[in-house]
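These notes are about the structure you will find just below.
The values are calculated or read from the model by the stated rules, or taken from the named source; none is laboratory data. Keep in mind that what you see is a predicted model, and the values were worked out from it rather than measured. Cβ coordinates were reconstructed from backbone atoms using ideal geometry, including for glycine residues, and neighbour counts include every protein chain displayed. With ligands, DNA and RNA removed, areas are computed over all heavy atoms of the protein, side chains included. Shrake-Rupley method; radii C 1.70, N 1.55, O 1.52, S 1.80 Å.
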Amino acid sequence: PRVPGDGWPSAVAGGEDCLWYVDKNGSWHPGFDCEFFSFCCGTCQQRYCCRDPLRLLTERQQRHCVAFSPKTIASIASAVVLFIAIVTTIVCCFMCSCCYLYRRRHPNTPLQG
């Protein structure tokens, strides 16, 4: 049996809001309110109001869509890769005798070519 609070609507639920979202084409849609006794329904990329509580998309689920969207994950992954590349380049440059930063730390080391 389902109980209120575990993701299923209670008997008094209604008037749920649909939060802003980005559709599959990347277009932004503002949030909107549903009428009393109707719920925000749909998917992460398409939202609408309906009266079927089994199709309810809770605000928590809607926020999860935003937090873990493919664009968000790709942006975070790109930032991590860029950070690792910059740190690796700097560390390698301090260790490579042909690099300017290495020569500044070790001015008496002759360049080997």
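General remarks:
- Qualifying residue in segment 41-54 (condition: open to solvent by 30 Å² or more (accessible area, probe 1.4 Å) and in a helix (DSSP H, G or I)): yes
- Residue in segment 3-15 that is β-branched (Val, Ile, Thr), at pLDDT 85 or above and open to solvent by 50 Å² or more (accessible area, probe 1.4 Å) present: no
- Segment 44-60, residues that are without any contact (Cβ under 8 Å) to a residue 40 or more places away in the chain and over 24 Å from the mean Cα position of the chain (by Cα): 49, 50, 51, 52, 54
- Given (1) open to solvent by less than 70 Å² (accessible area, probe 1.4 Å); (2) part of a loop (DSSP other than H, G, I, E, B); (3) modelled with pLDDT under 85, index of the condition residue 72 fails: (2)
- Selection count where residues are of a type in the set (A, V, I, L, M, F, W, C) and open to solvent by 70 Å² or more (accessible area, probe 1.4 Å), scope segment 55-69: 1
- With respect to the stated conditions, residue 39 is in contact with a helix residue (DSSP H, G or I) (Cβ under 7 Å, 6 or more places away or on another chain) and modelled with pLDDT of 80 or more.
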